[in-house]
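Everything on this sheet refers to the single structure shown next.
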Amino acid sequence: MRAVVAGAAGFIGSHLVDRMLEMGWEVVGVDNLLTGSRANLAHLAGHPRFRLVEQDVCRPVEILGPVDRVLHLASAASPVDFSRFPVEILMAGTVGTRNLLELAAAKGARFLLASTSEVYGDPLVHPQPEDYRGNVDPTGPRGCYDEAKRCAEAFTMAYHRTRGVETRIVRIFNTYGPRTRVDDGRVVPNFVLQALRQQPLTVYGDGSQTRSLCYVDDLVSGLLAALESPEPMPFNLGTEQEITVLELARLVRQLSGSTSEITFRPLPPGDPLRRRPDLSRARTLLGWEPRVSLQEGLRRTLDHFRSVLS
Ligand code: UDP
């Protein structure tokens, strides 16, 4: 099996590449290193079944030889990136998706889109099933990401329906684990790093907003299950264990043994109040279930960042 993974140097992409190589696949990674990092792939230097092509997916992606699978995980994805890289995000979701679908069409490869829970926006239905159509503000601060991914899903379905490409879509909910950037800005890397540095943990708003956090190894298993399933309609991937941001801050502080205080900062505009996937579809059709508890996943993440900081 030969796969092209766009976004291979990113947080989820690099874990996915590792798993594919363990499964005996050959992998060509594509990444422009805007938010991805070569360090995430440094352990694969000289690997006989892996190579990285440094390029932007917004330019046509040309790969020599046969390709069986094309996976599109290339996008800046942290809310702090939405104000830094809005145009790059829109381009990766639209032009980048089209280019990778063209590659899949040319090679007769199956295509998987890494979409997002952000297609549901600030949801009015809880938990969110795949047939919920969302509550997105196109002109708000998250519009660049939400609409790029919604357009990416529409592109994917168009190629599926009219261009004969076998396609799969996964909607990824909050995911955490080793290899997020130190300056990523998302809640788990922020709290973990603040706790380890004995700095105040910055809770935005009153911390009553919720998220459901999935450990990256579980997410990768779900991605591959969706990729190898016969089902073209989207799958939610995440966990159903919902936690408030304030509870999360307390848990990270407790697990790390940190004496950091918890401080409160203004809630960023457009920050969704509640988020939890309905996983019935993935459970029934993929037989997939997240297995790593939040405590265990946070312990592994703390261990990783301790070694990064030391
Ligand atoms: N958050 C926080 N402190 C931080 C970073 C994030 O309280 O240092 C909150 C943020 O306001 C949001 C939640 O944690 O409600 C998850 O934020 P994240 O940036 O991880 O991703 P999102 O789910 O908002 O896309």
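Here is the list for region 43-148: trypsin sites (Lys or Arg not before Pro) lying in DSSP coil, each with at most 15 other C-beta atoms within 10 angstrom of its C-beta, are 49, 133. Rolling a 1.4 Å probe over the protein chains gives residue 23 an accessible area of about 90 Å². The share of accessible area on region 176-285 that comes from carbon and sulfur is 52 percent, using a 1.4 angstrom probe.
Name the residue, out of 169, 63, 243, whose mean-square fluctuation peaks in a Gaussian network model built on the chain with Cα pairs under 10 Å. Answer for the Gaussian network model of the chain: 63.
Quick one: angle between helix 245-256 and the longest Cα principal axis of the chain, in degrees between 0 and 90, rounded to 10, please. Roughly 80 degrees, rounded to the nearest 10.
The residue 271 and residue 39 beta-carbon pair, evaluated with R₀ = 25 Å, returns a calculated FRET efficiency of approximately 0.25. Relative contact order of the chain, taken over Cα pairs closer than 8 Å and 6 or more residues apart, is 17 percent.
Using the Cβ-Cβ distance between residue 241 and residue 183 with R0 set to 25 Å, the FRET efficiency from 1/(1 + (r/R0)^6) comes to roughly 0.40. Ordered by solvent-accessible area of protein heavy atoms (1.4 Å probe), largest first, the residues 271, 81, 206 come out as 206, 271, 81. With helices as the sole contributors, the chain gives -10500 deg cm²/dmol at 222 nm; each DSSP H run of n ≥ 4 counts as -39500 (n - 2.57), and the sum is divided by every residue.
Accessible area per residue for the chain, computed on protein heavy atoms with a 1.4 Å probe, is 42 Å². Figure note: 47, 72 ranked by solvent-accessible area, largest first, 1.4 Å probe, ligands and nucleic acids not counted: 47, 72. Here region 104-246 carries DSSP beta bridges of which approximately 20% are antiparallel, counting only pairs with both residues inside. The distance linking region 1-45 with region 264-302 is 23 Å (Cα centroid to Cα centroid, whole angstrom). Shape class of region 200-294 from the alpha-carbon gyration tensor: prolate, with a/c at 1.5 or above and a/b greater than b/c. In the assembled protein chains, residue 255 presents an accessible area of approximately 40 Å² (probe radius 1.4 Å).
Less than 5 angstrom separates the built amide H of residue 121 from those of 135, all sequence-distant by 5 or more or on a different chain. Tilt of helix 187-196 relative to the longest C-alpha principal axis of the chain, in degrees (0 to 90, nearest 10)? Once rounded, one gets 50 degrees. Among 119, 204, 180, flag the residue with its Cα farthest along the positive direction of the charge dipole of region 112-263, charges on Cβ as +1 for Lys/Arg and -1 for Asp/Glu. It is 180, whose Cα lies furthest towards the positive end.
What does the C-alpha gyration tensor say about the overall shape of region 27-108? Classify as rounded when a/c is under 1.5, otherwise prolate if a/b is larger than b/c, or oblate. Cα axes put region 27-108 in the oblate bin. The trypsin sites (Lys or Arg not before Pro) of region 213-310 that meet both conditions, a loop assignment by DSSP and at most 16 other Cβ atoms within 10 Å of the site Cβ, are 291. Label-to-label distance, residue 53 versus residue 199, with points set 7 angstrom from Cα along the beta-carbon direction: 3.8 nm.
Comparing 77, 106, 195 in a Gaussian network model of the chain (Cα springs below 10 Å), the most mobile by mean-square fluctuation is 106. Among the protein heavy atoms, those of residue 202 account for about 10 Å² of accessible surface (1.4 Å probe, every chain in place).
Taking only protein heavy atoms and a 1.4 Å probe, the accessible area of region 1-142 is 53% carbon and sulfur.
Kindly express, to the nearest 10 degrees and within the range 0 to 90, the angle between helix 143-162's C-alpha long axis and the longest C-alpha principal axis of the chain. For 143-162 against the chain, the angle is about 30 degrees.
Simple spin-label estimate for residue 295 and residue 135 gives 3.4 nm between the two label positions (7 Å along the Cα-to-Cβ direction from each Cα).
The values are calculated or read from the model by the stated rules, or taken from the named source; none is laboratory data. None of these values were measured; they are calculated from a predicted model. Glycine also receives a Cβ, built like all others from the backbone with ideal geometry; neighbour counts cover every protein chain displayed. Ligands, DNA and RNA are excluded from the accessible area calculation, which covers all protein heavy atoms including side chains. Shrake-Rupley method; radii C 1.70, N 1.55, O 1.52, S 1.80 Å.
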